[in-house]
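Derivation of every value follows stated rules applied to the coordinates shown; laboratory data play no part. None of these values were measured; they are calculated from a predicted model. Here Cβ is always computed from backbone atoms with ideal geometry, including for glycine, and neighbour counts include all displayed protein chains.
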Amino acid sequence: MALRDTQIRNAKPKGKPYKLYDGSGLGLYCLIMPNGSKLWRIDYRYQGKRKTLSLGKYPEVTLEMARKQALEYRQMIKAGLDPSAQRKEKKARAEYTFKAIAEEWFMIKKPSWSTKHAQKIRGHLENHIYPCFGNEYIGDITPEDVMACVRKIHEAGKTETAHKTLQTIGQVCRYAIAQGKLQADPCYPLKGLLPPLRYNHRPAPTTPEDFARILKLVWTYPNLIVGSALKILAYTFQRPGEVRSMKWEDIDMRAQEWRFIVSKTKTPHIVPLSRQVITILKMLEPITRPEGPFVFPSYRTPQRPLSDMAMNAALKALGIDTKKELTSHGFRAVARTLLHERLGFPPDVIEHQLAHKVPDRLGNAYNRTRFLEQRRQMMQTWADFVDQLVLTS
């Protein structure tokens, strides 16, 4: 007999769950729980296996609504479809959009990235990827969809951005595959379809004579803060972003060391400070330390460091061509070349001082204290070498 609404409404809980079957032939029943809950269920067989699906809770789901849903599921079974699998796919299509998975991936990866890199990835997502298929189910995205997305960027003359965008899409898709939310990477067939990148390496002099000419100009820069930052950049050859955001709390004058977390690799790093750098810091200390945390504060507020354009702007103001001669980042390349070729220091020692995350010969991870005494000697030798170049006639 067909189940009536009054039967369900008047059903009382017992010590064990029991079922009120609907005589509609759909496998539908209401499960009465000991706590008084009344739950709709449907039993069915698919490919020889017995399965059960939940249809919701009474009275939120009425008898009529439950029968309608049960009838739809029976029609699916007759069509050779598994209602359980179909419901899972429907849920996945609603929840597993490209944007939802990309945001999950982004939050997991963000702690391992520098702030600048995270901003670049965010830009690729917001400006290029989400407008193409951010709200689409990730399983529906085809290689053609991805190619159409990156082609627009390439045709706008932004080949490098197109490559980076394709790389970001691929990383999100591979993350989805690892999470069991995607079967295949739609980026895989696209390898090699974008024109190759032509990298413009940062310019840097390779001879002491060329470097000396630039250093002489740098040593004449009139602004105390920016000029001092450029000198310490030359003496320490650390990344410009690390130098401009140098904090007083990270400097140990007595030990003559600068200790900080490298923004790019998130690893602790030690820079032994030469006598020349200590002299500059002692000169700056009474000027900038009382104002805020940064050795080289911004013009606008001492609570921020110099802008990322300040040092390159200073080089340009001195008449140095940052496209052909030297950028602020180029000091690192100069030091790497001249320390090895002219001053005879081993590449392993130089790479450690550059804060490159390079394993040693035994495969051990980067160690901030490795070669520390050799690096201390190297940094003083380098500073003396820089001074000699500045003073040469």
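Candidates Gly36, Tyr130, His163 compared by Cα position along the dipole of the chain: farthest toward the positive end lies Gly36, with charges placed on Cβ. Of the GluC sites (Glu not before Pro) found in the stretch 233-331, those in coil by DSSP whose Cβ has at most 13 other Cβ atoms within 10 Å are Glu291. Simple point charges give the picture: +1 on the Cβ of Lys and Arg, -1 on the Cβ of Asp and Glu, and for the chain a dipole about the Cα centre of about 1780 debye.
Ordering Met65, Met311 from the fewest to the most neighbouring beta carbons within 10 Å gives Met65, Met311. Hull volume per residue, based on the alpha-carbon atoms of the stretch 243-348 and their convex hull, is 146 Å³.
Here the extension length gained between Asp145 and Lys116 equals 7.6 nm, from 0.36 nm per residue of separation less the Cα-Cα distance. Site pair Thr220 and Val390 shows an inter-label distance of 1.5 nm when each label is modelled 7 Å from Cα along Cα→Cβ.
Distance between the pseudo-spin-label points of Asp43 and Tyr18 (7 Å out from Cα toward the beta carbon): 1.6 nm. Of the residues Ile278, Leu190, Trp258, the one whose Cα sits farthest towards the positive end of the charge dipole of the chain is Leu190 (charges of +1 on Lys and Arg Cβ, -1 on Asp and Glu Cβ, taken about the Cα centre). A Förster radius of 51 Å, combined with the Cβ-Cβ distance separating Lys51 from Ala255, puts the computed FRET efficiency at roughly 0.15. Direction-averaged projected area, Cα convex hull, the stretch 1-134: 12.9 nm², rounded to one decimal. Under the definition of Cα pairs under 8 Å and six or more residues apart, what whole-number percent is the relative contact order of the chain? Relative contact order here is 12 percent.
Over all directions, the projected convex hull of the C-alpha atoms in the stretch 265-315 averages 5.0 nm² in area.
Between beta-carbons, use under 11 Å as the cut-off and find the net charge around Gly170, counting Lys and Arg +1, Asp and Glu -1. Don't skip to the answer; put the middle values down first.
Working: positive: Lys164, Arg174, Lys191; negative: Asp185.
Net local charge, Gly170 excluded: +2.
Determine the alpha carbon to alpha carbon distance for each of Lys16/Lys38; Lys116/Lys264; Lys116/Lys231; Lys152/Lys324 and list only those over 19 Å. Over 19 Å Cα-Cα: Lys116/Lys231; Lys152/Lys324.
Compared with the direct C-alpha span, the chain from Lys109 to Lys316 gains 70.9 nm at full extension, assuming 0.36 nm per residue. Calculated mean residue ellipticity, 222 nm, the chain: -14500 deg cm²/dmol, from DSSP H runs (n ≥ 4) at -39500 (n - 2.57) each, averaged per residue and rounded to 500. Within the chain, the proportion of C-alpha pairs whose separation exceeds 34 Å stands at 54%.
Quick one: length gained pulling Arg370 to Lys88 fully straight, 0.36 nm per residue minus the C-alpha distance?
96.2 nm
Placing one equal scatterer on every Cα of the stretch 208-391 and applying the Debye formula, the log10 ratio I(q)/I(0) at q = 0.11, 0.14, 0.19 Å⁻¹ is -0.46, -0.76, -1.42.
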